[in-house]
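Asker: Here it is, the structure, as structure tokens.
The values are calculated or read from the model by the stated rules, or taken from the named source; none is laboratory data. Predicted, not measured: the structure shown is a model, and the values here were computed from it. Cβ atoms come from the backbone with ideal geometry, glycine included; neighbour counts cover every protein chain shown.
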Amino acid sequence: MAEIRLSIPLKEKEVRDLEIGDVIYLDGPIFTGRSLFHIRAIDENILPPVDFKKMNIFMHIGPVMVQVNNEWRPVSMAPTSSIRFEKYGAAVIRKLGLKGIIGKTTMGAESTVAMKEVGCVHLTVVGVMGNTLASQVTRVLNVHFLDKLGKTEATWVMELENAGPFIVSIDTHGKNLFHRVNREVEKRFEDFYAKYGISKDFTYTDVNP
Amino acid sequence: MRELFVTRDTVYDMMYNSITMAATIMPSDVKSTILEYLNRENNETARLHLEVIMRNCEMAEKEGRLLCPDTGSPLYYVRIGDNVRVEGGFSTLYGEAKKAVAKATANGKLRPNMVHPITRENTGTNVGYYLPKVEVRFDPHIDYMDVIAVPKGGGSEIFGTFYRVMYPADGKRGIMKFVLDCIKESTYAGKTCPPNILGIGIGGTADICMKIAKEAAVLRPIGSRHPEKEIADLEMELVEMVQSSGIGPMGMGGMSSVLDVHIEYAVTHTAGLPVGFNAQCSLSRRKVARITLDGNMTYSDSPEWEYR
């Protein structure tokens with residue numbers, strides 16, 4: 001496990017050097033979004049006023065925010081599952097020219113192709129990191145669409161310091177960390193199915209033959 | 001039996017305290033199991049996952065932060081002795097649950113998660129049609145009232161829920177095929193935040209089947225076993241099996257793949273065989289607030305909810 005600390009904006013060369021399984025820590029500004037960000041960005045062409053060249057990492061997250069003396073603070077924030085946004089993933093990566101996505105789980109085949117093309121990686125979470133990640137936010141810089149989307153789906157812009165650890169789940173070579181793990185899991189499950197006498201061609205009773 | 005009168009304010013306190021404690025304090029059985037896994041785990045990445053979970057859990061307890069920012073869907077289970085009376089009648093439970101959840105949301109102890117399913121508009125309070133869920137059970141064997149709060153995270157609920165009706169001819173083989181498929185599918189890429197407590201419901205009607213699967217996952221503590229030996233043995237067999245699957249914490253490999261497997265069954269129609277599956281995440285948040293005849297309120301992590 002190589003441990004690597006990177007500054008945002010990420011440069012294409014350093015992104016292309018990353019490999020699945022690398023452990024990453026980040027410094028600099030990120031912006032956030034979830035389902036409504038994706039749907040609005042692609043179907044309605046509504047984007048927050050963010051400089052995506054300076055902030056080229058998109059965090060899939062709905063932070064728990066409180067306002068103290070007119071200043072927003074995250075109480076706890078842990079990335080949400082990126083795989084839910086796969087329908088819009090590739091389009092958003094290309095449209096914003098992203099260099100990195102931070103989220104739980106991973107993304108699918110189309111996003112992986114877009115990442116290879118654009119030079120973008122997917123960084124997945126380690127454990128349940130809500131409090132450590134919140135404590136790695138030095139400042140909340142801005143919030144967009146708060147009234148329309150609410151605190152969970154709004155786009156927050158935050159400054160991070162030594163944030164992580166995150167693990168590269170998709171690299172720019174088209175590899176996925178979970179495919180590697182899953183090959184082993186699939187093998188073990190074959191034995192489990194066999195133990196209960198479930199053959200590969202097992203079918204449930206068909207009541208609409 | 002002496003009457004236990006519970007005031008409206010006490011109901012509110014039980015609802016508010018149980019859900020906020022559940023959101024911030026890891027149940028003791030979950031904590032000791034994760035620590036045990038950390039001791040014997042030899043996969044480097046898996047150890048990192050477990051260490052981060054424990055560090056976050058410590059920060060939540062010491063600083064009143066959240067165990068996880070996805071505080072999920074607000075669920076309450078209320079167990080009531082026949083001697084219990086509630087100020088304003090039992091419907092007070094519904095009203096105070098709504099107030100407590102809205103207040104906990106306003107105080108940053110619950111994230112506003114609940115939205116209109118079609119317009120996707122956030123209610124802002126986690127309160128709306130049908131939620132918070134308040135499941136009430138009258139229990140003639142107790143002389144107290146328990147409010148059990150379960151903030152059920154989205155990952156485990158959305159990616160870890162399955163239902164299938166099969167037929168008697170599909171038998172145990174069909175059940176095991178369904179269960180193994182569910183485990184493999186739901187844990188892939190850490191969708192349900194493994195290691196999970198897996199709940200399996202067999203039989204009943206569609207709703208009963210899902211209900212007992214869910215309750216097996218979210219209410220039975222780690223290490224609890226079904227009273228029938230055959231079912232208990234199957235639970236332990238599945239635990240051993242999933243542990244050896246290589247899924248690991250957050251689906252990234254390792255030997256810490258499951259916290260426990262709980263199976264419940266209900267009698268079912270002779271023509272069918274419904275099976276349900278529900279996963280609970282590695283934090284398995286729950287808290288019981290109990291009010292007893294002496295007027296004392298106590299808290300625990302052991303719901304004792306099952307009624308078979």
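Asker: Are there any pairs with C-beta distances below 6 angstrom linking a residue in segment B:220-236 that is over 17 Å from B:Gln280 (Cα atoms) to a residue that is outside any loop (DSSP other than H, G, I, E, B) and among the acidic types (Asp, Glu), with the two at least 6 apart or on different chains, and if so which?
Answerer: none
Asker: For segment A:161-204, give me each residue that is in a loop (DSSP other than H, G, I, E, B), at the interface with another protein chain (Cβ under 7 Å from one of its Cβ atoms) and surrounded by 13 or more Cβ atoms within 10 Å (Cβ to Cβ). Break it down stepwise before answering.
Answerer: Within segment A:161-204, the subset in a loop (DSSP other than H, G, I, E, B) is A:171-175, A:196-204.
Filter again for at the interface with another protein chain (Cβ under 7 Å from one of its Cβ atoms), leaving A:196-198, A:202, A:204.
Selection gives A:Tyr196, A:Ile198, A:Phe202, A:Tyr204.
Asker: Here's something else I'd like to know. So which residues in segment B:246-271 are of a type in the set (Gly, Ala, Ser) and either in contact (Cβ under 8 Å) with a residue 40 or more places away in the chain or not assigned by TED's automatic domain parsing to the domain that holds B:Ile222 (or both)?
Answerer: If the condition is that a residue be of a type in the set (Gly, Ala, Ser) and either in contact (Cβ under 8 Å) with a residue 40 or more places away in the chain or not assigned by TED's automatic domain parsing to the domain that holds B:Ile222 (or both), then B:Gly248, B:Gly251, B:Gly253, B:Gly254, B:Ser256, B:Ser257, B:Ala266, B:Ala271 are the ones that fit.
Asker: Shifting gears a bit: Restricting attention to segment B:255-271, and to residues there that are part of a loop (DSSP other than H, G, I, E, B) and surrounded by 24 or more Cβ atoms within 10 Å (Cβ to Cβ), which single residue is farthest from the other protein chains (Cβ to nearest Cβ)?
Answerer: Top of the filtered list is B:Ser256.
Asker: Still on this structure, I have one more. Would you mind finding the one in A:Met115, A:Met158 that is assigned to a helix (DSSP H, G or I), over 12 Å from the mean Cα position of the chain (by Cα) and crowded, with 24+ Cβ neighbours inside 10 Å?
Answerer: Result of the check over A:Met115, A:Met158: A:Met115.
Asker: For segment A:52-83, how many residues are more than 8 Å from chain B (Cβ to nearest Cβ) and either among the basic types (Lys, Arg) or free of Cβ contacts under 8 Å to residues at least 24 places away in the same chain (or both)?
Answerer: The number of residues fulfilling the criteria is 7.
Asker: Exactly one of these conditions fails for B:Pro274: (1) assigned to a loop (DSSP other than H, G, I, E, B); (2) touching a residue at least 24 places away in the same chain (Cβ under 8 Å). Give me its number.
Answerer: Of the numbered conditions (1) assigned to a loop (DSSP other than H, G, I, E, B); (2) touching a residue at least 24 places away in the same chain (Cβ under 8 Å), the odd one out for B:Pro274 is (1).
Asker: Restricting attention to segment A:88-99, and to residues there that are touching a residue at least 40 places away in the same chain (Cβ under 8 Å) and out of contact with any Cys (no Cβ under 8 Å at 6 or more places or on another chain), which single residue is surrounded by the fewest Cβ atoms within 10 Å (Cβ to Cβ)? Walk me through it before giving the result.
Answerer: Within segment A:88-99, the subset touching a residue at least 40 places away in the same chain (Cβ under 8 Å) is A:88-89, A:91-92, A:95-99.
Going one step further and asking which of them are out of contact with any Cys (no Cβ under 8 Å at 6 or more places or on another chain), we end up with A:88-89, A:91-92, A:95-97.
On the way: A:Tyr88: 20, A:Gly89: 27, A:Ala91: 16, A:Val92: 20, A:Lys95: 16, A:Leu96: 19, A:Gly97: 13.
Per the stated criteria, the residue is A:Gly97.
Asker: Sticking with this one: Just for helices (runs of 4 or more DSSP H) wholly inside segment B:83-197: which have at least 1 residues that are of a type in the set (Asp, Glu), buried (at least 17 other Cβ atoms within 10 Å of the Cβ) and in contact with a strand residue (DSSP E or B) (Cβ under 8 Å, 6 or more places away or on another chain)? Spell out the reasoning first.
Answerer: On the way: elements: B:92-106, B:154-159, B:171-187.
In segment B:83-197, B:154-159 are the helices (runs of 4 or more DSSP H) which contain 1 or more residues that are of a type in the set (Asp, Glu), buried (at least 17 other Cβ atoms within 10 Å of the Cβ) and in contact with a strand residue (DSSP E or B) (Cβ under 8 Å, 6 or more places away or on another chain).
Asker: Which residues, counting only those in segment B:227-254, are over 17 Å from B:Asn42 (Cα atoms), under 20 Å from the mean Cα position of the chain (by Cα) and crowded, with 18+ Cβ neighbours inside 10 Å?
Answerer: Listed by number, the residues that qualify are B:Glu235, B:Leu238, B:Val239.
Asker: Could you grab me the full set of residues in segment B:159-181 that are among the hydrophobic types (A, V, I, L, M, F, W, C) and out of contact with any Leu (no Cβ under 8 Å at 6 or more places or on another chain)?
Answerer: Within segment B:159-181, B:Phe159, B:Phe162, B:Ala169, B:Met176, B:Phe178, B:Leu180 qualify.
Asker: Here is a check on your reading of the model: is A:Asp27 loosely packed, with under 15 Cβ neighbours inside 10 Å and either more than 14 Å from the chain's Cα centre (by Cα) or under 18 Å from A:Leu141 (Cβ atoms) (or both)?
Answerer: Taking the combined requirement at face value, the residue does not satisfy it.
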